[in-house]
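Step one of this worksheet: look at the structure below.
Every read-out reported here was derived from the displayed coordinates using simple, explicitly stated rules and does not represent laboratory data. Keep in mind it's a predicted model, so treat the numbers as computed, not measured. Counting neighbours? That spans all protein chains shown, and the Cβs are built from the backbone with ideal geometry, glycine included.
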Amino acid sequence: MAEFTLELNDDQKQVRDWLHGFAADVIRPAASEWDEREETPWPVIQEAAKVGIYSLDFYAQQFFDPTGLGIPMAMEELFWGDAGIALSIVGTGLAAVGVLANGTEEQIGTWIPQMYGDADDVKVAAFCSSEPDAGSDVASMRTRAVYDQAKDEWVLNGTKTWATNGGIANVHVVVAVVDAELGSKGHASFIVPPNTPGLSQGQKFKKHGIRASHTAEVVLEDVRIPGHCLLGGKEKLDQRLARARERAASGGGERVKNAAMATFEASRPAVGAMAVGTARAAYEVALDYAKTRTQFGRPIIDNQGIAFQLADMRTQIDAARLLVWRASWMATAGKPFESAEGSMSKLYASETAKKVTAQAVQILGGNGFTREYPVERMHRDAAIYTIFEGTSEIQRLVIARTLSGMPIR
C-alpha cells in the first residue's frame with residue numbers, strides 16, 4: 001500500500017504532461033465545433049485511440065496506480081481540455097467500472113476489450129442505470145430481468161435514460177430488477193452484447209452542456225441474453241438474494257450494496273476530478289484575461305474585487321483537488337469511506353466547478369457571455385457535475401447518513 005503523498009512521481013508527471021499536451025493540441029481546438037454540432041467526436045476519440053489514451057491498457061495502468069492518483073490526474077487533464085469531448089473519451093469507463101466492480105475474471109477479460117475496440121475500429125460502451133422515474137431513487141427501478149431456465153437466458157424489458165453512449169454503444173451494461181420485493185437489494189447488472197435484438201435507442205437528448213457527449217434513452221423490448229451475461233454469475237446472485245431475504249425476514253438492517261451503487265461509489269472521486277479540470281480551465285482563462293484586460297488605464301486584476309475573486313477560485317480548486325486525491329488514495333488503499341469521503345469529494349468539486357465557472361464569466365463581463373470565449377461553454381458544462389452520478393443533494397444525504405447513522409430523508 002502506497003503512503004499518501006501530494007507529490008506526483010516522475011512517471012506520473014510524464015503521463016500528466018502527455019495528457020495535457022493532447023488536451024491542448026487535439027481536444028481544445030475541436031471543442032467549439034463539436035459543442036455546436038452536438039455529435040460524438042469520433043475523429044477525436046480515434047486520435048485518442050491512436051496515441052493510446054482511449055484504450056483498456058491506459059485506463060488499467062491508471063486504475064492500478066498504487067497511489068490512487070492515476071485516474072483523477074488523467075480526468076483532470078482531459079476535462080481541462082473540454083468536458084464534452086473528454087466525456088466522450090472516458091464515458092466508456094463507467095461501463096468498464098461496472099464490469100470490474102461486479103463481473104468475474106472471465107467476464108472482465110471478455111467484455112472490456114470489446115468496449116474499446118482498437119485504433120482502426122473504435123468502439124464505445126454504455127452504463128444504463130437511470131430510468132424516467134428512477135434516477136437517484138434506484139429503489140423505484142422498473143426495468144425487469146426474468147430468467148428463462150429452459151434456455152438459460154435472461155429476458156430484459158424496460159427503458160433506461162440519461163445513458164452516455166446509449167444506443168450507439170457496442171456493449172451496454174444494464175442494471176435491472178430481478179426481485180422486486182427486495183427493493184434496491186434485488187438488482188443485478190447484465191451485459192447486452194453487440195447487435196442484440198430488442199435493444200434500441202430512444203430519445204437523444206439535446207443538452208445544456210457537455211453537448212459533444214451522446215446522451216440518450218435505451219429501450220429494451222424482450223431483449224434475450226445468454227445466462228453468462230449476468231455479471232458475477234447466477235450462483236453468486238442467488239446467494240446474495242438469499243442473504244437479503246433472510247435479513248428482510250429477520251428485520252436485519254445490515255447494508256447490502258446493489259450493482260449500480262457499487263459502480264457509482266467507485267466513480268465519484270473521478271467525477272470530482274473532472275469537475276476540478278473544468279474549474280481549473282475556467283480559472284486560467286479568467287486569470288489571463290484579468291491580466292491583459294484594461295479598464296480605467298490599468299489591468300482589471302489590479303482591482304481587489306477581481307483579484308480577491310481569483311484568489312478564492314484558486315483556493316477552492318486546490319481544496320477540491322485535495323479532497324479528490326484523498327478519496328482516490330483511500331479507495332486504492334482499501335480504506336473505508338467512514339465519513340463518506342467519496343461523496344465529499346464529488347460534492348465539493350462539483351459545486352466548486354459551478355461557482356468558479358460562473359465567476360469566470362463574470363470576470364470576462366460581456367465577453368464571458370459570448371461563445372467567442374470558452375468560459376461560456378465551461379459554465380454550461382459545469383452544471384452537469386452537480387447532477388449526474390448523484391446530485392449534490394444526494395451527496396449531502398449520503399454524507400449526513402454516514403456521519404449520523406440515522407435514516408435521514
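So, R0 is 35 Å and r is the distance between the beta-carbons of PHE308 and HIS208; what FRET efficiency does that work out to, to 0.05? Present the calculation step by step, with values, prior to reporting the outcome.
Working: r = 29 Å, r/R0 = 0.83.
Efficiency for this residue pair is about 0.75.
With springs connecting C-alpha atoms under 10 Å apart, model the chain as a Gaussian network and identify which of GLY297, GLY21, GLY209 has the largest mean-square fluctuation.
GLY297
How large is log10 of I(q)/I(0) for segment 1-111 at q = 0.11, 0.12, 0.24 Å⁻¹ when the intensity is taken from the Debye formula with one equal scatterer per alpha-carbon?
For segment 1-111 at q = 0.11, 0.12, 0.24 Å⁻¹, log10 I(q)/I(0) is -0.38, -0.45, -1.34.
Treating only the Cβ atoms of Lys and Arg (+1) and Asp and Glu (-1) as charged, compute the dipole magnitude of the chain about its Cα centre; round to the nearest 20 debye. Mind dumping the intermediate values first?
Working: 42 positive and 51 negative charges, 233 e Å.
Result for the chain is approximately 1120 debye, rounded to the nearest 20.
Would you grab the residues whose amide H sits under 5 Å from the one on GLY233? Only those 5+ places off in sequence or on another chain, please, with H modelled 1.01 Å from N.
When sequence neighbours closer than 5 places are left aside, there are no close amide H contacts.
Note the per residue figure in Å³ for the convex hull of the C-alpha positions in segment 308-409.
Details: hull volume 11.0 nm³, N = 102.
Per-residue hull volume (Cα only) is 108 Å³.
For MET406 and ALA248 in one chain, what is 0.36 nm times their gap in residues minus the Cα-Cα distance, to one decimal in nm?
Details: separation 158, 0.36 × 158 = 56.88 nm, distance 1.87 nm.
Full extension of this stretch gives 55.0 nm more.
In a solvent-free Debye calculation with one equal scatterer on each Cα, what is log10 I(q)/I(0) for segment 112-167 at q = 0.14, 0.18, 0.24, 0.28 Å⁻¹, listed in the order of the q values?
For segment 112-167 at q = 0.14, 0.18, 0.24, 0.28 Å⁻¹, log10 I(q)/I(0) is -0.56, -0.79, -0.93, -1.02.
How large is Rg over Rh for the chain, taking Rg from the Cα atoms and Rh as the Kirkwood inverse mean of 1/r across Cα pairs?
Details: Rg = 21.7 Å, Rh = 22.0 Å.
Ratio of gyration radius to Kirkwood radius for the chain: 0.98.
Order these peptides, 172-182, 144-154, by their mean beta-carbon neighbour count within 10 angstrom, highest first.
On the way: 172-182: 22.4, 144-154: 14.0.
Packing proxy ranking, top to bottom: 172-182, 144-154.
In segment 303-409, which GluC sites (Glu not before Pro) fall in coil by DSSP and have 14 or fewer other Cβ atoms within 10 Å? Before the final figure, lay out each step's value.
On the way: sites: GLU338, GLU341, GLU351, GLU372, GLU376, GLU389, GLU393; in loops: GLU338, GLU372, GLU389.
Answer in residue order: GLU338, GLU372.
Select from GLU221, GLU246, GLU47 the residue whose mean-square fluctuation is largest in a Gaussian network model of the chain (Cα-Cα springs shorter than 10 Å).
Judging by the Gaussian network model, the answer is GLU246.
Below 9 angstrom from the Cβ of ARG224, what's the summed charge of the other residues (Lys, Arg +1; Asp, Glu -1)?
On the way: positive: LYS151; negative: ASP148, GLU153, ASP222.
Computed value for this residue: -2.
Positive end of the dipole of the chain, charges at C-beta (+1 Lys, Arg; -1 Asp, Glu), about the Cα centre: which of LEU69, ALA163, VAL99 has its Cα farthest in that direction?
Looking along the dipole axis, the top candidate is ALA163.
Angle, helix 92-102 long axis vs. longest principal axis of the chain, Cα atoms, 0 to 90°, nearest 10?
Long axis of 92-102 versus the principal axis of the chain: about 40 degrees.
Once amide H atoms are built 1.01 Å from N in the peptide plane, which residues 5 or more positions from TRP154, or in another chain, come under 5 Å H to H?
ASP148, ILE225, GLY227
Roughly speaking, what is the centre-to-centre gap between segment 225-253 and segment 51-114 when only Cα atoms are used, to the nearest Å?
Computed from Cα coordinates, the inter-centre distance equals 28 Å.
I'd like the FRET efficiency for ASP238 and LYS355, computed as 1/(1 + (r/R0)^6) with the beta carbon distance as r and R0 of 56 Å, rounded to 0.05. Don't skip to the end; give the middle numbers.
Working: r = 47 Å, r/R0 = 0.85.
So the FRET efficiency works out to roughly 0.75.
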